[in-house]
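Report on one structure; see the data block that follows.
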Amino acid sequence: MKILGAIFFLLSFLQFGYADDSGLSVKDAWTRPVIIEGRPSALYFTLHNNTDNADKLIKAVSLLANSIELHVHKQENGIMTMEQVDDIPIPAHETVMVEPGGFHLMVFGLTQKLAVGDEFPLVLTFTNAGNITVVAKVMKNAPVMEHDHMDHKN
């Protein structure tokens, strides 16, 4: 398990090395604690697309989960519903918040508990940007995110 952790740690540096203002980047990834192994969780983050091309998040995988699905919450007739989606669109030169109440990733079949302070490594696959390795922090509450002048979509 230590080797696996080291591999994800090294891969995370590759992601952050390319997560600059010239391409697609993933920031502020986090998930809530799960105290009962096997219970579902959700993942949240911010996507910045600083390219001239729209992109889509189409897949997420982690060695710590059996599956990760892309989901969205929708308000219909006064009722909040959640449904699985095929992708999360990221328009060119825009920011997409993957957050509670909107687009998010549902994590199923966790292989271990997630305590505050733990890290959850995963790989996000995009149509154009390819694979980006991310390490989400396990937190009780969402991190304080910097606001900028970009449009926010969800």
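Annotations for the structure displayed:
- Filter result for Gln15 (under 17 Å from the mean Cα position of the chain (by Cα) and modelled with pLDDT of 95 or more): no
- Being among the aromatic types (Phe, Trp, Tyr) and either farther than 20 Å from Trp30 by Cα or touching a Ser or Thr at 6+ places or on another chain (Cβ under 7 Å) (or both) is not true of Phe103.
- Residue within the range 110-119 that is assigned to a strand (DSSP E or B), within 12 Å of Val61 (Cβ to Cβ) and in contact with a strand residue (DSSP E or B) (Cβ under 6 Å, 6 or more places away or on another chain) present: no
- Met82 vs. criteria crowded, with 16+ Cβ neighbours inside 10 Å, free of Cβ contacts under 8 Å to residues at least 60 places away in the same chain and not in a loop (DSSP other than H, G, I, E, B): no
- Whichever residue in the range 51-79 is among the β-branched types (Val, Ile, Thr) and part of a strand (DSSP E or B) and, among such residues, is farthest from Val107 (Cα to Cα): Ile79
- Residue in the range 42-50 that is hydroxyl-bearing (Ser, Thr, Tyr), over 21 Å from Phe108 (Cβ atoms) and modelled with pLDDT under 90 present: no
The values are calculated or read from the model by the stated rules, or taken from the named source; none is laboratory data. The structure displayed is predicted, hence computed values, not measured ones. For neighbour counting, all protein chains shown are included, and Cβ atoms are generated from backbone atoms with ideal geometry for every residue, glycine included.
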